[in-house]
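Chemist: This is the structure I want to talk about, given as structure tokens.
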2 protein chains.
Amino acid sequence: MPRIDLDDIVQSNGTTYPADHAGPVQQRWVRRIAPAIGLADFGVSHVVLKPGAASSQRHWHEDEDEFVVMLAGQATLVEEGGRTVLHAGDCAAFPKGEPNGHHLVNESDADCAFMAFGRPPSGDCHYPDVDLLWSGGAFRHKDGRRY
Amino acid sequence: MPRIDLDDIVQSNGTTYPADHAGPVQQRWVRRIAPAIGLADFGVSHVVLKPGAASSQRHWHEDEDEFVVMLAGQATLVEEGGRTVLHAGDCAAFPKGEPNGHHLVNESDADCAFMAFGRPPSGDCHYPDVDLLWSGGAFRHKDGRRY
């Protein structure tokens, strides 16, 4: 049955961020749909942000396209020099290599939910707001030291 | 600005189906988002089905994962041995290689809209209900003759 019952898929608030930078995503609850249902060509995640939570640290990928579709509630898309409130049905795209650090933040007083699409990044990921860099398969300080 | 204004993207009801099989998709209106905004890792299409229209002939891909998220209205997912009505927020996945011919049909009296994700298929696509096969880069009759 191709229709997906989200309740069948484990929801986790885990993160691989170093502890110093994990606070904003502690109330980000993710269901990794693609591996759960046998998709391999791209990643699909269902994400709930509790009030105050962020989708990630603000970041941009050198080599991973990203796409989001809002499903419920509202989230603020924060990017270089701009803020845009997204509502159900809105979508946004982040082509790889564009140095426009972005994330979604739930600044409302209710949960919001969105679907995120991407592929596993093989190159660097940059975090303009914090002392963080993903490079060589590990999180590092901006000077290259590993966390 | 990563938020996408759908009105900026051309909407087309074109199809490459042979004329014999194009009827069901004549009122399928597609915006091909990925090329319009510079995504290359996967395809993203915004699709509106007018009442009576189908997303495609019922089909399955040997080598392309597909995923849909309903945005508005309702569509009937028709697959082997089953029918499921999808509403806004529902999603469905079609892993490559599973011989479960599927399509969405708008059996309601109002437009419906969904977002579809995939990658360009490089292998065969099978159509269980009609004399149609995609193979070797062309539409063919099931006996292999080209349209």
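The values are calculated or read from the model by the stated rules, or taken from the named source; none is laboratory data. Not measured: the values here are computed from a predicted model. Cβ sites come from the backbone with ideal geometry, for glycine too, and all protein chains shown count toward neighbours.
Chemist: All but one of (1) more than 7 Å from every other protein chain (Cβ to nearest Cβ); (2) free of Cβ contacts under 8 Å to residues at least 40 places away in the same chain; (3) among the hydrophobic types (A, V, I, L, M, F, W, C); (4) touching a helix residue (DSSP H, G or I) at 6+ places or on another chain (Cβ under 7 Å) hold for A:VAL130; which doesn't?
Modeler: (2)
Chemist: Quick one: A:LEU77 ticks every box in (1) outside any loop (DSSP other than H, G, I, E, B); (2) out of contact with any His (no Cβ under 8 Å at 6 or more places or on another chain); (3) not polar (S, T, N, Q) except a single one, so which number is it?
Modeler: For A:LEU77, the exception is condition (2).
Chemist: Which one is nearest to the other protein chains (Cβ to nearest Cβ), of the residues in the stretch B:105-118 that are out of contact with any Asp or Glu (no Cβ under 8 Å at 6 or more places or on another chain) and within 20 Å of A:LEU6 (Cα to Cα)? Spell out how you get there, then give the answer.
Modeler: Initial filter on the stretch B:105-118 (out of contact with any Asp or Glu (no Cβ under 8 Å at 6 or more places or on another chain)): B:105-115.
From the residues that got through so far, the ones that are within 20 Å of A:LEU6 (Cα to Cα) too are B:114-115.
Details: B:PHE114: 10, B:MET115: 6 Å.
So, considering only residues that are out of contact with any Asp or Glu (no Cβ under 8 Å at 6 or more places or on another chain) and within 20 Å of A:LEU6 (Cα to Cα), the one nearest to the other protein chains (Cβ to nearest Cβ) is B:MET115.
Chemist: Look through A:VAL10, A:VAL30 and report the one residue that is under 19 Å from A:MET70 (Cβ atoms) and of a type in the set (Val, Ile, Thr). Working first, answer last.
Modeler: Details: A:VAL10 fails: under 19 Å from A:MET70 (Cβ atoms).
Residue meeting the stated conditions: A:VAL30.
Chemist: Considering every residue within the stretch A:85-96, establish whether at least one is more than 8 Å from every other protein chain (Cβ to nearest Cβ) and basic (Lys, Arg).
Modeler: The first filter runs over the stretch A:85-96 and keeps only residues more than 8 Å from every other protein chain (Cβ to nearest Cβ), leaving A:85, A:87.
The next check asks that each one be basic (Lys, Arg); those that pass are none.
For the stretch A:85-96, residues more than 8 Å from every other protein chain (Cβ to nearest Cβ) and basic (Lys, Arg): absent.
Chemist: Out of everything in the stretch A:42-65 that is over 21 Å from A:ASN13 (Cβ atoms) and part of a loop (DSSP other than H, G, I, E, B), what residue ends up being farthest from the other protein chains (Cβ to nearest Cβ)?
Modeler: Keep residues of the stretch A:42-65 that are over 21 Å from A:ASN13 (Cβ atoms), which gives A:42, A:60-65.
After this cut, where a residue has to be part of a loop (DSSP other than H, G, I, E, B) as well, the list is A:42, A:62-65.
Details: A:PHE42: 4, A:GLU62: 13, A:ASP63: 9, A:GLU64: 7, A:ASP65: 4 Å.
Checking each candidate, the answer is A:GLU62.
Chemist: Sticking with this structure for a sec: In this structure, does B:VAL68 turn out to be modelled with pLDDT of 95 or more and more than 9 Å from chain A (Cβ to nearest Cβ)? Working first, answer last.
Modeler: On the way: modelled with pLDDT of 95 or more: yes; more than 9 Å from chain A (Cβ to nearest Cβ): no.
No; evaluated as a whole, the condition is false for this residue.
Chemist: So in the stretch A:105-123, with the set limited to residues that are part of a loop (DSSP other than H, G, I, E, B) and in contact with a His (Cβ under 8 Å, 6 or more places away or on another chain), which one is surrounded by the most Cβ atoms within 10 Å (Cβ to Cβ)?
Modeler: Going residue by residue through the stretch A:105-123, those that are part of a loop (DSSP other than H, G, I, E, B) are A:106-111, A:119-123.
Adding the requirement that they be in contact with a His (Cβ under 8 Å, 6 or more places away or on another chain) leaves A:121, A:123.
Working: A:PRO121: 16, A:GLY123: 13.
Per the stated criteria, the residue is A:PRO121.
Chemist: Name the one entry in A:VAL130, A:VAL85, A:VAL69 that is of a type in the set (Val, Ile, Thr) and more than 30 Å from B:VAL48 (Cβ to Cβ). Steps first, answer last, please.
Modeler: On the way: A:VAL85 fails: more than 30 Å from B:VAL48 (Cβ to Cβ); A:VAL69 fails: more than 30 Å from B:VAL48 (Cβ to Cβ).
Result: A:VAL130 is the single residue among A:VAL130, A:VAL85, A:VAL69 that is of a type in the set (Val, Ile, Thr) and more than 30 Å from B:VAL48 (Cβ to Cβ).
Chemist: Now for a different question. Which members of the stretch A:51-104 meet the condition of being surrounded by 21 or more Cβ atoms within 10 Å (Cβ to Cβ), aliphatic (A, V, I, L, M) and out of contact with any Gly (no Cβ under 8 Å at 6 or more places or on another chain)?
Modeler: The answer is A:ALA53, A:ALA54, A:VAL68, A:ALA75, A:LEU77, A:LEU86, A:ALA92, A:LEU104.
Chemist: Restricted to the stretch A:21-42, and to residues that are surrounded by fewer than 19 Cβ atoms within 10 Å (Cβ to Cβ) and free of Cβ contacts under 8 Å to residues at least 24 places away in the same chain, which residue is farthest from A:ARG140 (Cα to Cα)? Give the steps one after another, and end with the answer.
Modeler: Just the residues of the stretch A:21-42 that are surrounded by fewer than 19 Cβ atoms within 10 Å (Cβ to Cβ), to begin with: A:21-23, A:26-27, A:29, A:32, A:35-36, A:38, A:40.
Next cut, free of Cβ contacts under 8 Å to residues at least 24 places away in the same chain only: A:22-23, A:29, A:32, A:35, A:38, A:40.
Numbers: A:ALA22: 14, A:GLY23: 17, A:TRP29: 24, A:ARG32: 25, A:PRO35: 27, A:GLY38: 32, A:ALA40: 28 Å.
My answer is A:GLY38.
Chemist: Are any residues in the stretch A:4-21 more than 12 Å from every other protein chain (Cβ to nearest Cβ), farther than 14 Å from A:GLY52 by Cβ and not in a helix (DSSP H, G or I), and if so, which ones?
Modeler: Listed by number, the residues that qualify are A:VAL10, A:GLN11, A:SER12, A:GLY14, A:THR15, A:THR16, A:TYR17, A:PRO18.
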